[in-house]
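Following: one structure in structure tokens, then a few remarks.
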Amino acid sequence: MKGYLVIAVVIATLCLSTVQSQISRDPCKYFICENGQCVAPNDVPRCECFTGYIYNPVLQTCVLLLPDPCAGFSCGNGVCIAPNGRPICECDPGFKFDAGRIFNKCVRIPGSEV
């Protein structure tokens, strides 16, 4: 009975080392990298994204790089933020965002001292 157990352990060890060597030969084999290409420096797979894409660590893949919604959007006395992909101004103290104006800027709050 001991002989069979030894043979089983040897076979299992050989199978495991074969699987490990196959994985180390191609670490990208089972690594999904949409919109990019898997590279594996030091046998550690990672995505190199195609132009126009950026790596999203939550989704673990490359996603389309959207243009900055605040590009070219001037708030005047504030900073542009885009919480839902739409630019709005986070205004300095004494100013408020006036979306009704033509240029969507921070305007002075009447009576405030700045």
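Residues checked against (1) of a type in the set (Ser, Thr, Tyr); (2) at pLDDT 90 or above; (3) under 22 Å from residue 85 (Cα atoms):
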{"site": "19", "(1), (2), (3)": "no, no, no"}
{"site": "32", "(1), (2), (3)": "no, no, no"}
{"site": "36", "(1), (2), (3)": "no, yes, no"}
{"site": "40", "(1), (2), (3)": "no, yes, no"}
{"site": "45", "(1), (2), (3)": "no, yes, no"}
{"site": "50", "(1), (2), (3)": "no, yes, no"}
{"site": "57", "(1), (2), (3)": "no, no, yes"}
{"site": "60", "(1), (2), (3)": "no, no, yes"}
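Of 82, 99, all but one fail to be free of Cβ contacts under 8 Å to residues at least 12 places away in the same chain and of a type in the set (Gly, Ala, Ser); the exception is 99.
Restricting attention to region 32-81, the residues being part of a loop (DSSP other than H, G, I, E, B), under 30 Å from residue 113 (Cβ atoms) and open to solvent by 40 Å² or more (accessible area, probe 1.4 Å) number 4.
The one condition from (1) among the basic types (Lys, Arg); (2) open to solvent by 100 Å² or more (accessible area, probe 1.4 Å); (3) at pLDDT 85 or above that residue 25 does not meet is (3).
The values are calculated or read from the model by the stated rules, or taken from the named source; none is laboratory data. What you see is a predicted model, and the numbers here were worked out from it, not measured in a lab. Neighbour counts run over all protein chains shown; Cβ positions are idealised from the backbone, glycine included. Ligands, DNA and RNA are excluded from the accessible area calculation, which covers all protein heavy atoms including side chains. Shrake-Rupley method; radii C 1.70, N 1.55, O 1.52, S 1.80 Å.
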